[in-house]
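Have a look at the structure below before the remarks.
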Amino acid sequence: MEKKKHEVAKVEFRGQEFDIDKTAFASLKVQTALNLGDKDPRAANEAMNLICCGRVVEYIGRIPDEGGALPDELGCSAEDWQAFTAAIGEAVAAKN
């Protein structure tokens, strides 16, 4: 069985560009892991890492707040992360 080629898109969020794996985002396995995140946070984190092309930790450290300020060494806030994930969903849906 041949491996499926992943489609990666550039998504702009608050003035920065992020690579997002559209194939992973559309995957039933990934979406299920995200939807069950409250029961299995580890699986949800792994799913987000797939969507973020293996760079979720880097992205957490790069996502600016609404005013454009970069996060400190602990990374972005939960609110900024939620805004980022919502923007990913909108961008992927708009490009399909």
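Worth a mention:
- Nonpolar atom fraction for the chain, defined as the carbon and sulfur part of the 1.4 Å probe accessible area, stands at 53 percent.
- Helical content alone sets the calculated 222 nm signal of the chain at -14000 deg cm²/dmol, taking -39,500 (n - 2.57) per DSSP H segment of four or more residues and averaging over every residue.
- Taking all protein chains into account, the per residue accessible area for the chain stands at 68 Å² (1.4 Å probe).
- R0 of 22 Å, Cβ-Cβ distance THR32-ASP72: FRET efficiency to nearest 0.05: 0.10
- Placing +1 on the Cβ of every Lys and Arg and -1 on the Cβ of every Asp and Glu, with no other charges, gives the range 8-94 a dipole of roughly 400 debye about its Cα centre.
- Distance between the pseudo-spin-label points of GLU46 and LYS10 (7 Å out from Cα toward the beta carbon): 3.2 nm.
The values are calculated or read from the model by the stated rules, or taken from the named source; none is laboratory data. The shown structure was predicted, so the numbers you read here are calculated from the model rather than taken from an experiment. Here the Cβ is made from the backbone with ideal geometry for all residues, glycine too, and neighbour counts use every protein chain on show. Side chains are part of the model used for accessible areas, which takes the heavy atoms of the whole protein and leaves out ligands, DNA and RNA. Shrake-Rupley method; radii C 1.70, N 1.55, O 1.52, S 1.80 Å.
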